[in-house]
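Here is the structure we will look at.
The values are calculated or read from the model by the stated rules, or taken from the named source; none is laboratory data. In this text the structure is predicted, and so the values were computed from the model without any measurement. When we count neighbours, we look across all protein chains shown, and the Cβ atoms used for this are built from the backbone with ideal geometry, even at glycine. Each accessible area value is taken on the protein alone, full model and side chains, heavy atoms only, with ligands, DNA and RNA left out. Shrake-Rupley method; radii C 1.70, N 1.55, O 1.52, S 1.80 Å.
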Amino acid sequence: MPSEFSLTSQVEFHETDMAGIMHFANFFRWMESCETAFYRTLGLPLISFVPGQVVGWPRVNVSCAYRAPLRFNDTVVVKLFVKKLNTRSVTYVFQFRKDGVLCATGEITAVCVKPDAQGGMAAQPIPAEARAQLQVAPESAYTA
């Protein structure tokens, strides 16, 4: 049961601002890309875990703290840690490192939902097949 995952990416020109620094919004895109790749390695889709039943993961809390800029052509390791696994939600911590230096940290909390009778969303327990593959990382893994 994995509790962490790494994805290496390179800052593209279109992800930067006029100063050549990665635009703050792209950190959130990279967090979602890392999360998607993590689920792929587990053989779990993010959209539906049960055939014929739509399951989604809307974000209820996101944050990112920036420590050092990432620039065009920088190679960055984005690391995901499972911070918390509740009945209906999961929280991830992300680290962005360039040459081993911590440049940013982020966090996403997503709630497992299914459609309700009115066409909205209703929180539901995380499916057993997903829960069985997720493990909470020790706090020391992402606070160091």
Seminar exercise, completed: Checked the stretch 16-47 for anything acidic (Asp, Glu) and either open to solvent by 60 Å² or more (accessible area, probe 1.4 Å) or over 18 Å from the mean Cα position of the chain (by Cα) (or both); matches are Asp17, Glu32
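If the requirement is being more than 26 Å from Gly43 (Cα to Cα) and touching a residue at least 40 places away in the same chain (Cβ under 8 Å), which of these qualifies: Thr75, Thr109? Give the steps one after another, and end with the answer.
Details: Thr109 fails: more than 26 Å from Gly43 (Cα to Cα).
Every option except Thr75 fails the conditions.
Kindly check whether there is at least one residue in the stretch 4-14 that is in a helix (DSSP H, G or I), within 10 Å of the chain's Cα centre (by Cα), at pLDDT 95 or above and surrounded by fewer than 16 Cβ atoms within 10 Å (Cβ to Cβ).
Filtering the stretch 4-14 for residues in a helix (DSSP H, G or I) gives 13-14.
From what is left, the residues that are within 10 Å of the chain's Cα centre (by Cα) are none.
Checking the stretch 4-14: not a single residue is in a helix (DSSP H, G or I), within 10 Å of the chain's Cα centre (by Cα), at pLDDT 95 or above and surrounded by fewer than 16 Cβ atoms within 10 Å (Cβ to Cβ).
Return yes when Phe38 is assigned to a helix (DSSP H, G or I), more than 20 Å from Glu12 (Cα to Cα) and not small (Gly, Ala, Ser) and no when it is not. Outline the logic, then answer.
Working: assigned to a helix (DSSP H, G or I): yes; more than 20 Å from Glu12 (Cα to Cα): yes; not small (Gly, Ala, Ser): yes.
Yes: the conditions hold for Phe38.
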Exercise. So which residues in the stretch 98-144 are open to solvent by 70 Å² or more (accessible area, probe 1.4 Å) and either part of a strand (DSSP E or B) or of a type in the set (Phe, Trp, Tyr) (or both)?
Worked result: Val101, Lys114, Pro115, Met121
Seminar exercise, completed: Here the residues within the stretch 86-97 that are surrounded by fewer than 20 Cβ atoms within 10 Å (Cβ to Cβ) and under 16 Å from Gly56 (Cα atoms) are Asn86, Thr87, Arg88, Ser89, Thr91
Exercise. Somewhere in the stretch 65-85, is a residue within 22 Å of Thr8 (Cα to Cα), modelled with pLDDT under 95 and out of contact with any Lys or Arg (no Cβ under 7 Å at 6 or more places or on another chain)?
Worked result: no
Problem set entry | Qualifying residues in the stretch 73-84 (those that are more than 17 Å from Ser140 (Cβ to Cβ) and under 14 Å from the mean Cα position of the chain (by Cα)) - the one least open to solvent (accessible area, probe 1.4 Å) | Val78
